[in-house]
């Protein structure tokens, strides 16, 4: 029987086969690029007028969305639960974004 000892002194012979946490940098880069779109649009046209608070709120919303997607991808093992959690996170994000866009939370 092949057992190894971790730094805590416990045996890993019966440890679960759950993979380690996997970071998804493409997700976070896509969120950063999405946040940069209004800034680029403000340079091109005068119709987009975002203030610092708009960027802060959208950055926070994108960070929470990405963290929720990361959590779903890393901690949920069943594919249907993973897809359901990711869909729910996306729908909550879109609902909040739409409500903020029309001024319901002013």
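Ranked by the mean number of other Cβ atoms within 10 Å of their residues, highest first, the peptides 38-48, 70-80 fall in the order 70-80, 38-48. Label zone of residue 23 (point 7 Å out along Cα→Cβ, amide N under 12 Å): in the stretch 72-90 this covers no residue at all.
In this structure, residue 79 and residue 41 have a Cβ-Cβ separation that, at R0 = 35 Å, corresponds to a calculated FRET efficiency of about 0.40. Across the stretch 25-102, Cα pairs under 8 Å and at least six residues apart give a relative contact order of 25 percent.
Each value in this text was obtained by applying a stated rule to the coordinates, not by laboratory testing. Just so it is clear, the structure is predicted and the values come from calculations on it, not from any experiment. As a convention, Cβ positions derive from the backbone with ideal geometry for all residues, glycine included, and neighbour counts pool all protein chains shown.
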